[in-house]
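Below you'll find the structure, written out as structure tokens, and then a few comments.
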Amino acid sequence: KAGVTQTPRYLIKTRGQQVTLSCSPISGHRSVSWYQQTPGQGLQFLFEYFSETQRNKGNFPGRFSGRQFSNSRSEMNVSTLELGDSALYLCASSLGPTTKDNEQFFGPGTRLTVL
Amino acid sequence: KQEVTQIPAALSVPEGENLVLNCSFTDSAIYNLQWFRQDPGKGLTSLLLIQSSQREQTSGRLNASLDKSSGRSTLYIAASQPGDSATYLCAVPSSYGGATNKLIFGTGTLLAVQP
């Protein structure tokens with residue numbers, strides 16, 4: 001069974017540009033969450049999607065947006081990039097809504113560098 | 001508001017030693033607790049998930065315990081190997097705002113196993 005895949009793995013952009021990151025969850029998983037990881041702030045929650053609906057959103061500016069498609073694949077978009085957006089963006093996949101046995105699996109991440 | 005703490009922040013041990021990593025959380029109303037490892041620049045690998053009704057979970061040389069009443073979990077690694085060197089993170093689903101897959105992470109323990 002294939003794991004969580006994220007594309008691209010590495011991105012270099014300049015300030016003011018926009019970027020789209022993609023996440024394909026494990027087959028059969030319908031929940032996708034996104035996290036930003038930086039050395040100073042650790043892992044910060046961005047959004048959570050289940051069955052194409054955003055269930056939860058973290059404390060990030062409106063420049064960060066996301067969506068989920070009918071096949072459970074998800075994308076996140078960052079517009080008007082800032083230097084501080086440089087980070088490792090991680091996607092997590094799980095079967096469904098929170099239950100006591102709902103294990104979450106992470107992808108390898110997309111390393112975004114903003115120059 | 002759920003807060004997760006991990007101690008120690010860093011640990012260095014000689015190969016073959018048994019070790020314990022600690023995780024504390026402030027709100028005991030959790031569905032489960034998950035332990036992850038992260039190698040530098042990589043995604044998170046799920047090690048163990050302990051359901052709220054369980055006290056222990058084992059996988060190979062790893063054993064995780066959960067004491068909800070005291071808000072603590074420990075990850076025991078037996079016969080440590082250099083390949084165990086990584087950052088270890090514990091996480092619980094947020095209990096704020098209803099059921100959600102949003103994970104609250106500890107700050108991690110950086111483990112170095114010396115050959």
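Quick notes
- Contacts under 8 angstrom Cβ, first residue in the stretch A:88-115 being more than 9 Å from every other protein chain (Cβ to nearest Cβ) and over 25 Å from B:K68 (Cα atoms), partner buried (at least 19 other Cβ atoms within 10 Å of the Cβ) and of a type in the set (D, E, K, R), 6 or more apart: A:L112/A:D85; A:V114/A:D85
- Screening A:G16 on (1) assigned to a strand (DSSP E or B); (2) over 16 Å from A:S94 (Cβ atoms) shows it passes everything except condition (1).
- Close pairs from the stretch B:50-67: first closer than 21 Å to A:T99 by Cβ, partner in a strand (DSSP E or B) and small (G, A, S), Cβ under 6 Å, at least 6 apart: B:I50/B:A64; B:E56/B:S65; B:Q57/B:A64; B:L66/B:S73
- Of the strands (runs of 3 or more DSSP E) lying entirely inside the stretch B:45-115, those containing at least 3 residues that are at pLDDT 95 or above and within 14 Å of another protein chain (Cβ to nearest Cβ) span B:86-93.
- For A:F64: the one exception among (1) open to solvent by 10 Å² or more (accessible area, probe 1.4 Å); (2) without any contact (Cβ under 8 Å) to a residue 24 or more places away in the chain: (1)
- When residues in the stretch B:9-44 are screened for being closer than 26 Å to B:P82 by Cβ, within 11 Å of chain A (Cβ to nearest Cβ) and assigned to a loop (DSSP other than H, G, I, E, B), 5 of them pass.
- If the condition is being open to solvent by 50 Å² or more (accessible area, probe 1.4 Å), more than 12 Å from chain B (Cβ to nearest Cβ) and touching a strand residue (DSSP E or B) at 6+ places or on another chain (Cβ under 7 Å), then the stretch A:15-42 contributes A:R15, A:Q18, A:T20.
- Test: residue in the stretch A:78-86 that is out of contact with any strand residue (DSSP E or B) (no Cβ under 7 Å at 6 or more places or on another chain) and free of Cβ contacts under 8 Å to residues at least 60 places away in the same chain: yes
- Hits in the stretch B:85-115 (condition: without any contact (Cβ under 8 Å) to a residue 40 or more places away in the chain and open to solvent by less than 30 Å² (accessible area, probe 1.4 Å)): B:T100, B:N101
- Candidate set: the stretch A:43-84, residues that are hydroxyl-bearing (S, T, Y), within 20 Å of A:Q6 (Cβ to Cβ) and outside any strand (DSSP E or B); chosen: the one farthest from the other protein chains (Cβ to nearest Cβ): A:S79
The values are calculated or read from the model by the stated rules, or taken from the named source; none is laboratory data. Predicted, not measured: the structure shown is a model, and the values here were computed from it. Virtual Cβ from ideal backbone geometry, glycine too; neighbours counted across all protein chains shown. What goes into the accessible areas is simple: the full protein's heavy atoms, side chains included, and nothing from ligands, DNA or RNA. Shrake-Rupley method; radii C 1.70, N 1.55, O 1.52, S 1.80 Å.
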